[in-house]
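Right, one structure below, let's go through it.
Here, each number is a calculation from the coordinates, and none is a lab measurement. Here the structure is a predicted model, which is why all the values come from computation and not from measurement. Every residue, glycine as well, gets a Cβ built from its backbone with ideal geometry; the counts of neighbours run over all protein chains shown.
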Amino acid sequence: MASKTFPMSSEIHPPNNLLDEPFAAVVAANADYEVQRASLQELVGSGASPEVLSQAHARLKVLKARHAELVRASKAVAPKTCGRGWASYPPRMDVPRDLTDPRFVQSFAIADHDEARAFMSEYGFVVFRDAISDEECVRSRDEIWSYLENRVAGFSREDPTTWRLLSDTDTGRYYDAYGLPPDNAIFSPQILQNRQHPNVVEAFQTLLGDDDILMSHDRWCLYRHTQTGAGKATRMNLHLDLHPWRYLHGHTRIEELRYQEGHDRDWPLEIPRATAMDGPHVQGVLNLVDNFLEDGGTQLVPGFHGVFCNWQKDLGDEADWVFQPGQETNWLQPGDGGSSFKFHEKDPIYALAHRVPMKQGSLLVWDQRLVHGSCPNASSRVRMAQFLRAFRRAPLSSERLTARALAVHRKVEAAGLCGQVSALGARVFGWEHLPPEMQRQGPDHEGQGST
């Protein structure tokens with residue numbers, strides 16, 4: 001099979017007069033890498049031969065090395081945007097602690113709808129306790145360990161000295177930087193059950209103000225403990241998973257997502273392609289083991305959702321924020337129809353951030369306009385969590401609803417888990433949009449399928 005020819009950066013990216021030559025070279029190299037990565041994904045999806053895949057993968061490695069070399073060679077100064085938006089930052093807020101155990105932040109029962117919404121309105125995030133049970137946390141953790149043991153030779157959950165092997169894999173950079181597996185969406189029994197859990201669904205319905213919602217399909221994370229040398233510290237970061245300009249004006253191409261086989265990157269693109277007109281939008285993380293302050297994990301800037309619009313106006317022209325290697329200010333990270341906004345580690349917003357330690361089984365949900373990120377592990381305990389998100393069904397076109405339902409069904413069927421999808425799960429997975437011949441009557445109960 002002949003490999004498909006894709007245009008290189010010079011063909012799809014016009015010259016950028018806003019960038020000096022070294023920066024333009026880095027941008028072009030990054031574009032070439034993204035084009036080749038898309039080509040490789042298409043080859044995988046089309047069933048290309050091992051020889052063709054090997055050649056495409058080798059080309060991808062060359063382009064990655066070229067980009068890295070250009071980044072190291074470039075010497076940039078801070079752009080003129082330094083300081084823009086600072087005046088709009090919210091004042092630092094004190095976050096209430098759990099009255100029974102102040103090591104954790106305040107949390108709410110799933111049924112505390114009004115109290116949870118009020119807390120969310122003020123702080124921009126909220127924690128629901130006991131979203132899943134201790135037993136469900138144990139099964140979730142077991143699936144994470146099993147995934148790693150089955151894919152990384154020599155890895156053993158019982159022997160932390162083997163955990164460093166994750167760094168030596170082809171996808172080690174994902175584990176080292178963010179504790180993430182290479183798969184964009186994980187479909188294993190308990191991880192899937194968590195997405196259709198009645199408590200989890202109810203929590204998102206409460207915050208979205210809509211009972212008719214769809215659940216996301218994402219992955220989990222593992223922060224290896226660092227005090228014993230079991231793994232590298234993940235990156236300290238703060239960011240927004242959206243394009244500040246396009247989010248407000250609706251030009252994100254979100255309705256182009258079709259979730260075709262071999263294009264699993266469409267799942268995470270649901271987040272940065274969100275638009276305000278289809279909101280509200282939230283993100284979340286399900287905590288699978290007690291997470292203390294020093295264990296690393298989610299950090300948030302309370303109140304930022306309330307100043308987001310003013311902050312965005314203060315940024316000025318979008319073009320001024322194009323990424324420039326070596327800069328020491330914030331930047332816009334361009335993406336495929338979406339983007340993210342990164343806050344440099346020297347930005348004063350870090351002084352406003354709070355870690356969110358919480359008990360296992362807790363569900364943390366935050367407004368997508370809230371600046372958030374993570375802190376690295378600095379303890380002898382691991383962090384394990386599952387990323388979850390939900391959104392209103394109403395704004396989606398019928399074409400996208402059908403394409404998405406087919407993709408979810410394809411993934412669940414490949415995992416052999418169709419029999420574990422409950423009636424509630426079928427609804428929040430959007431399966432009523434499947435062709436009639438694929439629809440089935442789910443279990444009589446509204447809760448979970450059997451495990």
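Counting only pairs 8 or more residues apart or on different chains, how many lysine pairs in the chain have their Cα atoms under 17 Å apart? Intermediate values should be presented prior to the final figure.
Values: K80/K313; K80/K342; K80/K346; K313/K342.
Pairs that pass both the separation and distance tests number 4.
Could you list E42, E345 so that the one with the fewest beta carbons within 10 Å of its beta carbon is first and the one with the most is last? Don't skip to the end; give the middle numbers.
On the way: E42 17, E345 11.
Least crowded to most crowded, the residues run E345, E42.
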Vicinal HN-Hα couplings computed from phi for segment 90-104 (Karplus, 6.51 cos²θ - 1.76 cosθ + 1.60; Hz; Gly/Pro x): x, x, 5, 10, 7, 9, x, 9, 5, 5, 8, 8, x, 5, 10
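What translational diffusion coefficient, in µm²/s and rounded to a whole number, does the Stokes-Einstein relation yield for segment 241-331 at 37 °C and a viscosity of 0.692 mPa s, taking the hydrodynamic radius as the Kirkwood radius over Cα pairs?
For the chosen part, D equals 203 µm²/s.
Note down the magnitude of the dipole of the chain about its Cα centre, charges +1 on Lys and Arg C-beta and -1 on Asp and Glu C-beta and zero elsewhere, to the nearest 20 debye.
Details: 48 positive and 59 negative charges, 205 e Å.
Its charge dipole is roughly 980 debye.
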Extreme residue, positive dipole direction of segment 302-451, given options C375, Q324, F343 (C-beta unit charges): C375
Furthest towards positive pole of dipole, Q386, H225, L352, structure part segment 87-438, Cβ charges: H225
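Under the classification rounded if a/c is under 1.5, otherwise prolate if a/b is larger than b/c and oblate if not, where does segment 87-438 fall, given a ≥ b ≥ c as square roots of the Cα gyration tensor eigenvalues?
Here segment 87-438 falls in the rounded category.
Provide W321, W245, W163 in ascending order of the number of other Cβ atoms located within 10 Å of each residue's Cβ, fewest first.
Values: W321 25, W245 17, W163 22.
Ascending Cβ contact count within 10 Å gives the list W245, W163, W321.
Given the DSSP H assignment, sum -39500 (n - 2.57) over each helix run of at least 4 residues in the chain and divide by its residue total; what's the result at 222 nm in deg cm²/dmol, nearest 500?
On the way: 13 runs with 152 residues, N = 451.
Taken over the chain, the calculation gives -10500 deg cm²/dmol.
Treat the count of other C-beta atoms within 10 Å as a stand-in for reagent exposure and order S107, S167, S397, S340 from fewest to most. Please list the in-between numbers first.
Details: S107 24, S167 13, S397 10, S340 17.
With the sparsest Cβ surroundings first, the list reads S397, S167, S340, S107.
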